[in-house]
Amino acid sequence: MIIQYTNYDGDWETNCSYCGKKQRDHQVTLGDYKGVRYVHRQPCPKEQHGMTKKAVVNGIKIRTFFLIYDIGKYLWNLIPFKTELKLIWQGIKHAFISIKALIYLNKNKPK
């Protein structure tokens, strides 16, 4: 009979980093199908807790990001005269670039 491992390609004799038991102790036989026995590595309870913890932390990070984004969007909509501020910023940027160009022009004047 052929044995096919479904989700683990490592060495079955190494120790689990979570519980310290051999990886072989985590084997679960899924059954036989057309002459092939399928063996799955089932995570131990400590590893399952670690995976759940990681998923919860990622969920908290994502929800926090969207909360900060929504608060920023709300505060941005509270700002009056946004188009006027945008025009003023463009004017300041234009003046800065113009002054920088004049300084460059004066520095590279032929002698």
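Couple of notes before you dig in:
- Computed extension length for residue 97-residue 81: 3.3 nm, one decimal, from 0.36 nm per residue of separation with the Cα-Cα distance subtracted.
- Share, in percent, of DSSP beta bridges within the chain that are antiparallel, nearest 5: 65
- Note, ³J(HN,Hα) from phi for the stretch 28-43, Karplus 6.51, -1.76, 1.60, rounded to Hz, x at Gly and Pro: 10, 7, 7, x, 10, 8, 6, x, 10, 9, 9, 10, 10, 9, 8, x
- Other residues lying with their Cβ under 14 Å from the Cβ of residue 76 contribute a combined charge of +2, Lys and Arg counting +1, Asp and Glu -1.
- Per-residue SASA entry for residue 2, accessible area with 1.4 Å probe, Å² rounded to 10: 110
- Heavy-atom accessible area, probed at 1.4 angstrom with all protein chains present, ranks 66, 81 as 81, 66, highest first.
- Lys/Arg +1, Asp/Glu -1 at C-beta; the chain dipole; positive extreme among 29, 78, 57: 78
- Count Lys and Arg as plus one, Asp and Glu as minus one, and take only other residues whose Cβ is under 11 Å from that of residue 8; the net charge is then 0.
- Residues listed by number, the stretch 26-54, amide nitrogen under 12 Å from residue 61 label point at 7 Å toward C-beta: 54
- For the chain, the longest principal axis of the alpha carbon atoms and the long axis of helix 82-107 meet at an angle near 70°.
- For Cα Rg over 2.2 N^0.38 Å, the candidate list reads (1) 1.53; (2) 1.38; (3) 2.38; the entry that matches the value derived from this model is (3).
- Against the criterion of solvent-accessible heavy-atom surface with a 1.4 angstrom probe, 76, 12 sort, most first, into 76, 12.
- Solvent-accessible area, 1.4 Å probe, carbon plus sulfur percent, for the chain: 64
- Amide H contacts for residue 39 (H built 1.01 Å from N in the peptide plane; partners 5 or more residues away or on another chain; cut-off under 5 Å): 4, 5, 6, 30.
- Scanning residues 5 or more positions from residue 22 or on other chains, those with amide H under 5 Å from its amide H are 16, with H placed 1.01 Å from N in the peptide plane.
- Average accessible area per residue (Å²) across the stretch 10-85 - probe 1.4 Å, nucleic acids and ligands excluded: 81
- Helix-only mean residue ellipticity at 222 nm for the chain, each DSSP H run of n ≥ 4 adding -39500 (n - 2.57), per residue, nearest 500: -19500 deg cm²/dmol
- Scalar couplings 3J(HN,Hα) for the stretch 54-65, obtained by applying the Karplus form with A = 6.51, B = -1.76, C = 1.60 to θ = phi - 60°, are 4, 5, 5, 4, 4, x, 5, 4, 5, 5, 5, 4 Hz; x denotes Gly and Pro.
The values are calculated or read from the model by the stated rules, or taken from the named source; none is laboratory data. Just so it is clear, the model here is predicted, and its values are computed rather than measured. For neighbour counting, all protein chains shown are included, and Cβ atoms are generated from backbone atoms with ideal geometry for every residue, glycine included. Accessible surface is based on the protein model in full, side chains and every heavy atom, while ligands, DNA and RNA are left aside. Shrake-Rupley method; radii C 1.70, N 1.55, O 1.52, S 1.80 Å.
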